1. For a distance above 21 Å, tell me the whole-number percent of Cα pairs in segment 32-118 that qualify.
2. With N set to the residue count of segment 188-334, report its C-alpha Rg divided by 2.2 N^0.38 Å to two decimal places.
3. Compute the distance from the alpha-carbon center of segment 199-218 to that of segment 317-364, in whole Å.
4. Between Tyr81 and Ala184, what is 0.36 nm times their sequence separation minus the Cα-Cα distance? Round to one decimal in nm.
Amino acid sequence: MSQKNRPPLTPDPSPRTRAEGAFESWREEQQSAYLYRIIAAVEAHPGRQKLFVRLAEAAEHQAAHWAKLVRAQDIALPSGYRPPLRVRFVAWLIRRLGPAPLLQVLAAMKVRGLSVYSRPLYDVDHGEAEAGGLERRHQRLVGNGSLRAAVFGVNDGLISNTSLIMGVSGAALDNGIVLLTGVAGLLAGAASMAAGEYVSMRSQREMFEYQIALEKEELEAYPREEAAELALIYEARGLDPEESRRLGNTVITNPVRALDTLAREELGLNPDELGSPWAAAGASFAAFGIGAAVPLIPFAFEMQIGGRLVVTIAFATAGLFVVGALTSLFTGRSAWTSGARMVVVGAIAAAMTYLVGFWLGVNS
């Protein structure tokens, strides 16, 4: 190859850059190991507990590897890992809720092995279902993805009612009208969100229940064929054919366990997590209402309209930043960046409605 046609060489990173990259990898492995230990401590199922202990040990081994690379560049490492505030908050949530409702958060924080929560674990030799009492109890209360829905529900209420209040205030209306409009916006928005969530969840649950009922009829009509289907699924996942048949035949001997397993493996459904329409509607109403109430707080006190607007803007800004920071749990991005971005989005929406209200007020 001629010198002219030779592709440009990418310069090797400097020792300092390599050390910084190794330090970041050390920090991430330490973070993973810390969270693995927390999950193992709350996990009731022995198999899952062992898995996360081993993952913690592997992460610590990787951290030691990166630590050597950092020290090779004569850069000092902290004497021990001190988890930052976000990691400590996630650890607190794990202890309170269990890992299952936080799968999206944990995945964003590079926690692996979470696929064990997408299918049941059975003690085949004893024919008993998993002993995950803590996990199942919290799944019914929270449900995977509900934390994310709650955060964004608060965000919707905060932005929409702040924008509404700013628009009405821009028209130079008095405090009573602004307060009444804000309360009406809170109730209307929360009721609309709750109604939509109820209808959506009810329709989804009815469809899932119908599919499970069909599976139950098939199980009662031809259990051997259902056992053979389970064996094929296990074999497709890499199990030995003989072991797959043994596992399928063992599971099918218990009708309750068999239906639960078939729903999960064939339909991709968890019978314990079909969702409650009333609970979903109530949570949606509460989340939107909490967010929508934040910009209304200053209007409950006696002060000049200008002062109320300043305090409302301050409350809304703080609320938007907190909500934005919480969304970083699902994205893995910086909490400061996520919070600032949410403030900018809310400010644009509020400014637009304020200007529209001001223009209508001047020309009315």
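Each value in this text was obtained by applying a stated rule to the coordinates, not by laboratory testing. These figures come from a predicted structure and were not determined experimentally.
1. 33 percent
2. So the Cα radius of gyration is 1.70 times the expected 2.2 N^0.38 Å.
3. Using only Cα atoms to place each centre, the spacing works out to 39 Å.
4. Details: separation 103, 0.36 × 103 = 37.08 nm, distance 4.95 nm.
Roughly 32.1 nm would be gained on extension.
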